[in-house]
1. Counting helices only, and only those DSSP H runs with n ≥ 4, report the 222 nm mean residue ellipticity of the chain as the sum of -39,500 (n - 2.57) divided by its residues, in deg cm²/dmol to the nearest 500.
2. Compute the length gained on full extension between D65 and N143: take 0.36 nm times their separation in residues and subtract their Cα-Cα distance, giving the result in nm to one decimal.
3. Which sequence of L15, L86, L62 reflects their accessible areas, 1.4 Å probe, from the largest down?
4. Just check region 50-153 against the gyration tensor rule for me: Cα atoms, a ≥ b ≥ c as the square roots of the eigenvalues, rounded for a/c under 1.5, and otherwise prolate or oblate depending on whether a/b exceeds b/c.
5. Run the simple label-point estimate for A9 and A56 please: 7 Å along Cα→C-beta, distance reported in nm.
6. If I model a spin label as a point 7 Å beyond the Cα along the Cα-Cβ vector, how far apart are those points for Q167 and V89 in nm?
7. Tell me, what is the 1.4 Å probe accessible area of V168, in Å² to the nearest 10?
8. Rounded to the nearest Å, what's the spacing between the alpha carbon centres of region 59-100 and region 124-169? Just the number, please.
Amino acid sequence: MLAKLSLPATLDTALPVTLRRATRHDLGALMTLLADDPISAGRGDRAEDADAAAYAGALGELIDDSSNEIIVAVDPDDTVIATMQLTRVPGMARRGATRLLVEAVRVGSESRSSGVGGAMMRWVTGTAAPALGAGLVQLTSDNARTDAHRFYERLGFVGSHRGFKYQVD
C-alpha cells in the first residue's frame, strides 16, 4: 500500500466516481475487469474460478507491498467500474528521480468513453505522483492498443521509449 496516497478520492467526472484502495473483497470484480479486455483475455485473463487462487495471491501480495497500490474506481453503489495498479519506483537515473509506474489500467466496457479513464489518469499525474514524490509518470501499452495510445497522447503522455519483454517459462 502506498501510504502517502490520500484515498478515497472523488473524481471530476460527469458520473459520481470514487477512487479507493482495492481490498481482497474486490477480487471477483478485478478478475472480471481483466477478462473484459480482449487483449488481456487473449493472454489468459478469463475470470474463471479455477484461477481465483492465483489472482488472490497476487492481489494479497500487492496490497501488502509498500511500493504498490491497486486502486479501484467505484460508482455510488460501490460497484467496481475501473482499476489500475500504481508502483513507486525509486531510481538512480535522472539524478535519483522517482518514477510512478501505471499498469493494468482497465475500465469496464459499460463505462468506457464516459471520462472515467481520463479522470483516473489526471488524478495520477496531478495528485498521486506529487504525493509520492515522483517526477515522472510512466506506463507501457501493448502495441495492439492503438486507441489507448491516442488516449494517453491526448492526456500529454509521450511515446518516448521502446519496451521489451522476455517470457520466462
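The values are calculated or read from the model by the stated rules, or taken from the named source; none is laboratory data. Everything numeric in this text was worked out from a predicted model, so none of it was measured. Methodologically, a virtual Cβ is constructed for each residue, glycine included, from the backbone with ideal geometry; neighbour enumeration extends over all protein chains shown. Areas reflect the complete protein model, heavy atoms only, side chains present, ligands, DNA and RNA absent. Shrake-Rupley method; radii C 1.70, N 1.55, O 1.52, S 1.80 Å.
1. -7500 deg cm²/dmol
2. Contour length minus Cα-Cα distance gives 25.2 nm.
3. L15, L62, L86
4. Judged from the Cα gyration tensor, region 50-153 comes out oblate (a/c at least 1.5, b/c at or above a/b).
5. 3.1
6. 2.2
7. About 110 Å², ignoring ligands and nucleic acids.
8. Each part's Cα centre sits 13 Å from the other's.
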